[in-house]
Each structure stands twice: as structure tokens, then as C-alpha cells.
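Enquirer: Sharing a structure, written as C-alpha cells. Questions coming.
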Amino acid sequence: MTTTARTASAAAPDAERVGAGMSPLERNANLAGVVVPFLGVIAAIVLLWNNLVDWTDIAIMVVLYLLTAAGVTVGFHRMLTHRAFQTYPWVERTFAVLGSLSVEGSVLDWVADHRKHHAHTDVEGDPHSPHVGHGHGLSGFWHAHAGWLMETQGQADWKKYAADLYNDRAMRRIGRLFPYWVVLSLLIPTLAGFALHGFTWKGALEGYIWGGLVRIFFVHHVTWSVNSICHIFGRRRFDIEDRSTNVWWLAPFSLGESWHHNHHAFPRSAEHGLKWWELDISAAIIGLMERLGLAWNVIRIAPERQQAKLAER
């Protein structure tokens with residue numbers, strides 16, 4: 001899965017991606033996307049230490065976390081990258097905007113990078129494997145978690161890896177507007193804090209820090225943990241060639257994305273949690289959408305197919 005703010009790609013949204021390498025502007029934009037939310041977390045710790053936070057701030061953060069994280073997990077990932085279900089165009093665009101508000105890059109960059117990851121998982125060409133090109137141990141972990149943002153993020157060719165989105169004018173427009181989604185992602189919690197705290201500037205600042213920077217920090221690092229932790233630590237049960245793993249304790253925070261080994265075994269499945277006890281909030285959202293008539297042709301993996309792919313014990 002992919003990551004942070006890239007204003008440069010949005011500035012030239014119709015340019016063909018040929019993997020020419022990351023420009024200094026792109027690298028600096030990504031660096032800012034890593035550092036600024038971290039500084040927000042430090043500021044939040046100071047506010048918390050001085051009792052300058054309340055349940056309103058936490059509520060703003062949690063609501064926006066769930067909306068923007070679902071924009072990534074349900075929208076960017078299961079719907080747009082893997083086409084695990086079908087829906088109306090307006091639903092696709094709504095989720096594309098929510099995913100953009102996570103500040104993990106434009107929708108075309110995200111989808112192209114992730115499809116490239118699946119095409120070259122844990123071998124040469126994988127944008128963020130901890131096992132290729134950067135050694136092993138901490139150096140490989142760092143590359144998969146955040147180091148790749150300064151090297152390979154957003155460099156996958158749109159026409160090769162995301163042709164369906166590239167040919168969709170509405171999706172290209174959403175991608176082009178990515179810098180504005182970044183601003184809106186910070187403006188919404190700021191205005192919410194301002195209004196819910198009685199129209200005070202203190203409330204606006206708390207909303208900006210908790211609902212903006214801290215929320216983005218958590219969404220980023222949970223997403224990056226699927227790239228790093230879920231290719232190093234955890235459990236496996238299917239006979240597949242890559243080194244993906246399932247990490248149970250990350251499932252609630254990742255909305256089910258950390259059943260990553262399951263996902264690599266069956267990439268088009270709308271459900272990553274394949275056992276009844278494997279918590280998968282994203283799959284529950286898709287199930288609710290299906291019952292409401294907002295999703296159809298939902299791809300699920302029959303137990304027989306799962307059984308046939310189990311590794312020998």
C-alpha cells in the first residue's frame with residue numbers, strides 16, 4: 001500500500017509515467033508528508049500533557065480516521081485497485097475523494113503503485129518490499145515502511161498499471177486536484193474544532209492538530225505497517241510464493257487490511273478476513289453497501305478454493 005502527499009504528480013496529471021525517477025520536488029513533498037504529521041503528534045502530546053484536549057477533539061479525529069481510512073481500504077484498495085465489487089460511478093468517486101483526504105497520494109499513483117506491488121511482490125520491481133534492494137533487517141523494514149517514499153512512490157506508469165483510471169476523466173480530475181484535497185483534509189477538522197468548541201481559535205487549533213495532523217499520522221503509519229510489518233512478521237497458511245503475512249493485532253486499526261497474506265493469496269477477494277474470527281471492518285462496510293444496493297458482484301472466496309490453496313503442514 002502507498003503513502004503520502006505528492007503535489008508534483010497532481011501538477012502534471014496527464015503525463016505518462018515511465019519510471020524515470022523521483023524529482024526533488026516530489027521527494028521534498030513526501031518528506032513533508034512524513035515530518036509534518038509527526039510534528040503534529042509532538043504538539044498533541046504537549047496539549048494532552050496540559051489537559052488541553054477533550055472528547056470533542058478525539059471524536060473529530062476518530063470520525064475522520066474511519067472515513068479517510070475506509071477511503072483507502074474500501075475505495076483505493078479493494079474497489080479501485082482490485083475491482084473486488086462493482087458500484088455506481090458516483091460511489092467510486094466519493095471513495096476516491098475520501099481516500100485522497102488520507103493524504104496518501106493521488107488516486108492514480110496509489111492504484112498504480114499497488115498494482116505494481118502485486119505484479120512484482122517481494123521481487124525486483126516491487127516498490128516497497130523489505131526483501132529487495134535494501135538488504136534485510138532494519139534497513140529493509142525502513143525501506144518498506146517509509147524509505148520508499150523518497151525513492152519509488154508514485155513512479156509506476158499510470159498507462160500500464162492504472163489504465164482504467166487513466167482513461168476515466170473524473171478519476172484523472174480527482175487525481176489532479178490532490179493538493180486541494182490535502183488542504184481540505186486539514187481544513188475540515190480545523191473548522192469542526194472551531195465550531196464544536198464554541199467558535200474559538202483554541203478549538204480550531206485543537207481540531208487542526210488532532211483531527212488533522214495526528215489523524216493523518218496514524219492513517220499513514222498503519223498503512224505503511226501493512227507494507228513493512230505484514231511482509232516480515234506474522235503468520236502464513238496459504239501456498240503462495242511471496243512473503244506476505246497476517247498480523248492479527250493490526251487488524252482493528254487497519255480496518256482488516258493486515259490479513260495481508262490472505263489478500264495476497266486471493267487478491268480480488270472483497271474479504272481479507274477469511275475466518276469468522278478475523279476482524280475485517282472494510283469487508284463489513286462492503287457487506288453493508290451490498291445490502292443497501294450500493295455494491296454488487298462482490299467477490300468472495302469459497303471455502304473449497306481456500307482449502308485447495310492451503311500450504312502443507
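Enquirer: If G293 meets every condition in (1) more than 30 Å from G137 (Cβ to Cβ); (2) in contact with a Gly (Cβ under 7 Å, 6 or more places away or on another chain); (3) at pLDDT 95 or above apart from one, which number is that one?
Expert: G293 satisfies every listed condition except (2).
Enquirer: For the stretch 134-149, give me the residue count where each residue is of a type outside the set (A, V, I, L, M, F, W, C), surrounded by 15 or more Cβ atoms within 10 Å (Cβ to Cβ) and not in a helix (DSSP H, G or I).
Expert: So the count comes out to 1.
Enquirer: Could you grab me the full set of residues in the stretch 132-165 that are closer than 17 Å to V222 by Cβ and in contact with an Asp or Glu (Cβ under 8 Å, 6 or more places away or on another chain)?
Expert: Listed by number, the list holds a single entry, Q153.
Enquirer: Looking at the stretch 277-284, can you tell me whether even one residue there is more than 24 Å from D122 (Cα to Cα) and charged (D, E, K, R)?
Expert: yes
Enquirer: Which residues, taken from the stretch 47-97, are within 24 Å of A170 (Cβ to Cβ) and of a type in the set (V, I, T)?
Expert: The answer is T68, V72, T73, V74, T81, T87, V91, T94, V97.
Enquirer: Separate question: Any residue in the stretch 100-114 that is in contact with an Asp or Glu (Cβ under 8 Å, 6 or more places away or on another chain), in contact (Cβ under 8 Å) with a residue 12 or more places away in the chain and part of a loop (DSSP other than H, G, I, E, B)?
Expert: Yes, there is a match, as at least one residue in the stretch 100-114 is in contact with an Asp or Glu (Cβ under 8 Å, 6 or more places away or on another chain), in contact (Cβ under 8 Å) with a residue 12 or more places away in the chain and part of a loop (DSSP other than H, G, I, E, B).
Enquirer: Please work out which one of (1) part of a helix (DSSP H, G or I); (2) of a type outside the set (S, T, Y); (3) within 20 Å of the chain's Cα centre (by Cα); (4) at pLDDT below 95 is the condition A156 fails and give its number.
Expert: (1)
Enquirer: Filter the stretch 156-174 down to residues that are over 26 Å from W210 (Cα atoms) and buried (at least 21 other Cβ atoms within 10 Å of the Cβ), then give me how many there are.
Expert: Here the count works out to 7.
Enquirer: So, restricting to helices (runs of 4 or more DSSP H) that lie completely within the stretch 179-263, which ones have at least 1 residues that are at pLDDT below 95?
Expert: By residue number, 201-206, 215-228.
The values are calculated or read from the model by the stated rules, or taken from the named source; none is laboratory data. For clarity, every value in this text was computed on a predicted model and none was experimentally measured. Counting neighbours? That spans all protein chains shown, and the Cβs are built from the backbone with ideal geometry, glycine included.
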